[in-house]
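Taken together, the values in this text are just the output of simple stated rules run on the coordinates, not laboratory data. Note that the structure is predicted; figures quoted are calculated from it, not measured. Positions of Cβ are generated from backbone atoms using ideal geometry, with glycine treated the same way; all protein chains shown enter the neighbour counts.
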Amino acid sequence: MPAVQAPRFLIVVVGPTAVGKTDLCVRLAQHFGTEIVSADSRQFYKEMSIGTAKPTPEEQQGIRHHFVDSHPITEVYNAGAYEQDVLALLERLFEQHQAVILTGGSGLYVRAVTDGMDVMPETDPAVRESLTSRYKQEGLQPLLEQLQQLDPAYYERVDKANPQRVIRALEVCLSSGQSYSDFRRSEAHERPFHIIKIGLSRDRQELYERIDRRMDLMLEQGLLEEARALYPYRDHNALQTVGYKEIFDYLDGHYDWEEAVRLLKRNSRRYAKRQLTWFHKHADYTWFHPQQWEEILTFIREQMMQVT
C-alpha cells in the first residue's frame, strides 16, 4: 500500500509596499526551515534594484529567495508565464519542505499562483501599440470611456488609475470582438497543496511614514542614477511603475527635482492604498500587524492542524 503523502502548505504573505513583508517572511522561513518565492513583479528584473526595494543579501539572512534577479529587463515576462514557472518550482521545493512561503505586493501574480490565470485569446500587437500611443498622447480618460462602452462589467472592477490594466482589457476587446469579462474565469484552479493566506497592514499614518522614509533611503542609495541607466528602456512594461516614471518625467524636463521627490512619495502612498484595496477585494486574507509574530504563528499552526 503506497505511503500517504504529508500535506503541503503554501504560506502566502501579502501587503502594501513598505509594510514589512521581507522581515516577517525571513523569520517565517527560518522557523519552518524553508525558502521564499517572490511575487513582486518588479523584483524579477536584475537591473531594477533600488526602485523595487529588492531585499539585500543582508536582509535575506541566508534564506533562498526565488524570482529575485531572475530575468533581464529586456525579457518580456508576464503573470501567465510566472504561474507555470512557480508551479514547477513548488513541485521541486515541496519534495524537500512541507511549507513554502510566497510573498509580494503584486496581486495579479499572487493570484496566478493561488487561483490560476484566465485563458486569454491571442491579441494583435498593433492594437496594443495603438492603445499605448493613444494613452501617451491623450491620457487615460478616453481609454476608460472606451472600456466602459465595450465592457461595462470590467470597467466597474478595474483599477482606474492603472493604465496597464485598462490597455490590456481594451487590447483583448478590440482584438477578439468580445468583452474582456468573457474570458475571465470565476472559479479557481485546484492546486496540489493547501494555501494559508496572511495579509499585513499597519495604521495608515504609520505606513505612510515608512513609505516616505523608504523613498528617502532609495534616493540616498542612488535611485536617480539607477533610473537614468534604465532610461533607454523606459517604454518597457516593467518600468511603467511608481519610482521610475516620476524620474523619467523629471529627466524629460516636465518638472524640477523637488517636485519629482514630492510625486515619488505621493504616488508610492497611493500605490500602497491601491494594493490594500486589491487584496481586500480579491481574496480571503486574515490580516495582522507585521509585529504580531505569535498571533501569526498560531494562526498558521491552526490552519495546518485543520488539514493534518
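Can you give the local net charge around residue 99? Use residues other than it whose beta-carbon is closer than 15 angstrom to its beta-carbon, Lys and Arg +1, Asp and Glu -1.
+3
Computed over the alpha carbons of the stretch 125-183, Rg followed by Dmax gives 10.2, 29 Å.
Working value for the chain: equivalent-ellipsoid semi-axes of 32, 26, 18 Å, each the square root of 5 times a Cα gyration tensor eigenvalue, largest first. GNM on the chain, alpha-carbon springs under 10 angstrom: the most fluctuating residue among 157, 111, 269 is 157. The largest-to-smallest principal axis extents of the Cα set in the stretch 46-136 are 46, 31, 20 Å.
Rounded to the nearest 20, the size of the Cβ-charge dipole of the chain about its Cα centre is 500 debye, with Lys and Arg at +1 and Asp and Glu at -1.
Please identify every one of the trypsin sites (Lys or Arg not before Pro) in the stretch 1-98 that sits in a loop by DSSP and has no more than 13 other beta carbons within 10 Å of its own beta carbon. When the trypsin sites (Lys or Arg not before Pro) of the stretch 1-98 are filtered for loop state and at most 13 Cβ neighbours within 10 Å, 64 remain. If R0 is 45 Å, the Cβ-Cβ spacing of residue 289 and residue 124 corresponds to a FRET efficiency of close to 0.45.
Helical content alone sets the calculated 222 nm signal of the chain at -16000 deg cm²/dmol, taking -39,500 (n - 2.57) per DSSP H segment of four or more residues and averaging over every residue. Distance between the 7 Å Cα→Cβ label points at residue 256 and residue 88: 5.2 nm. Structure remark: mean-square fluctuation, Gaussian network model of the chain, C-alpha springs under 10 Å; the largest value among 275, 141, 84 belongs to 141. The magnitude of the dipole of the stretch 179-303, with charges of +1 and -1 set on the Cβ of Lys/Arg and Asp/Glu and taken from the Cα centre, is near 380 debye.
Can you give the charge dipole size of the stretch 125-183 about its Cα centre, rounded to the nearest 20 debye, using +1 on the beta carbon of Lys and Arg and -1 on the beta carbon of Asp and Glu?
It works out to roughly 180 debye.
According to the Cα-based calculation, Rg over Rh for the stretch 16-64 is 0.95, with Rh computed by the Kirkwood formula. Taking the charge dipole of the stretch 172-308 about its Cα centre, with +1 at Lys and Arg Cβ atoms and -1 at Asp and Glu Cβ atoms, the residue from 298, 218, 188 reaching farthest to the positive side is 188.
With the charge dipole of the chain set up from +1 on Lys and Arg Cβ and -1 on Asp and Glu Cβ about the Cα centre, the Cα lying farthest toward the positive end among the listed residues 106, 38, 286 is that of 286.
In terms of distances greater than 20 angstrom between alpha carbons, the cross-link table entries 54/160; 245/265; 21/245; 136/273 yield 54/160; 21/245; 136/273.
So, in Å, what gap is there between the alpha-carbon centers of the stretch 87-144 and the stretch 15-68? When both Cα centres are located, 19 Å separates them.
Short-range pairs are left out: with C-alpha atoms under 8 Å and at least six residues apart, the relative contact order of the chain is 27 percent.
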